1. How much of the DSSP bridge set in region 63-335 is antiparallel, in percent, rounded to the nearest 5?
2. Taking 0.36 nm per residue of sequence separation and subtracting the Cα-Cα distance, how much length would be gained by fully extending the chain between Asn195 and Asp244, in nm to one decimal?
3. Expressed as a whole number of Å, what is the distance separating the alpha-carbon centroids of region 92-152 and region 237-259?
4. Taking the Cβ-Cβ separation of Glu103 and Thr74 as r and a Förster radius of 30 Å, what is the calculated FRET efficiency to the nearest 0.05?
5. Classify region 63-335 as rounded, prolate or oblate from the Cα gyration tensor: take a ≥ b ≥ c as the square roots of its eigenvalues, call it rounded if a/c is under 1.5, otherwise prolate when a/b beats b/c and oblate if not.
6. What is the extension gain from Ser334 to Leu57, computed as 0.36 nm multiplied by their sequence separation minus the C-alpha to C-alpha distance, in nm to one decimal?
7. Quote to one decimal, in nm, the extra length available between His93 and Thr49 on full extension: 0.36 nm per residue of separation minus the C-alpha distance between them.
Amino acid sequence: MSMLSPSLSRLRVPFSKTFWSLRSKLHSAGAQPIVADASSSIRSRCLSTYYDSQSGLHLPIHDEQEIRLFLNVTNGYNSAENDGDEKSPFVPHRLSKDRLEAEEVSEKLEQLVQQGIHGVVLPPIEFPRDVRNLQTLSIIAPPNFVFLTNACGGEKSSIDANNGKSNTVDDGILKAQENSSSKPATFSKVLRYDNGNGLRDSLQRSVEKGMHTTLSVTEDTYADDDKDDIEPITLANNIAAMIDANGGCDYLWISLGQRRKEDASAISDIIVQVCEELIYLDVAGATIKSRLLVDSLNEDMLEDILFAGVNKYVIEDLSQAEMVEAAVEDQGKSLLRL
């Protein structure tokens, strides 16, 4: 006897060939039920994100155990671990016009990801070819790879005289972001910290355009011998206020700036203090800890900042990657290699 309810019995009409074809695909060997797939997707999202009540957004959970490296290639690049070797431009000038060079750069990016390097700091955008090359990078880059870049000569050269409208740097980043990949590369505009209105205005314009932004805090801000330094707690409060007022600052790059690496040990303790004061503060959106990007100066500094939970570090060459990995493994963590 049929166990179907009267309402379901009324739906028992001949099915089309299209239905049986679809049914065959859905119930083929090893196929999972649609409901199971949906609930699995929901569970995956719940495990990898959290809800931030201040911003009203679901944000990725910050994983302190998986460490990501960013390679600074503003002064050139070589694939050897000895940084004394001659360096060449990371992005060939003819990248957008030479298929072979594009394939070589694509392979190079894949190799970097396998080494735990998930982003690069590019030289400033200066010429129209740089814009075209960014578009090419958006096509050949591994999923979720990050490129940081800015305007040649600093933020002032990225704004023209026409009421602050952007030129090369903004156009290059925005065009590169048009790639419709499901896991596109991120192109971040680097803005150098100062406590004036110029930075705030530029940050606000960039956020309004939907751009990913990186605030670079260099040593002349927190460890300049020629003027009164900004105390770490004051600097941290200024940055937090800027984020609350303008948004943006997706990354906070605590950088050595132009100071030579030989002098770095003198200010590594100050960098640790700056990071600690920043981590203490609460802002809308992603946590400060998850935004931090820190130059890798020495083992002692790395030990302290790794312990604080920062998971993104900038290296100048591949030999520094070994130093970071040693410090990472000492704390039971690991470089994220894909």
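Read-outs: derived from the displayed coordinates by stated rules, not from any lab. Just so it is clear, the structure is predicted and the values come from calculations on it, not from any experiment. Neighbour counts are summed over all protein chains in view; Cβ atoms, including those assigned to glycine, are modelled from backbone coordinates with ideal geometry.
1. Numbers: 2 of 34 bridges.
Once the DSSP bridges in region 63-335 are tallied, antiparallel ones form about 5 percent.
2. Net length gain for the segment: 16.2 nm.
3. The two parts, judged by their Cα centres, are 25 Å apart.
4. E between Glu103 and Thr74, to the nearest 0.05, is 0.80.
5. On the way: a/c = 1.55, a/b = 1.11, b/c = 1.41.
Since a/c reaches 1.5 but b/c is at least a/b, the shape of region 63-335 is classed as oblate.
6. The span from Ser334 to Leu57 would gain 96.9 nm if fully extended.
7. Numbers: separation 44, 0.36 × 44 = 15.84 nm, distance 3.93 nm.
Length gained, His93 through Thr49: 11.9 nm.
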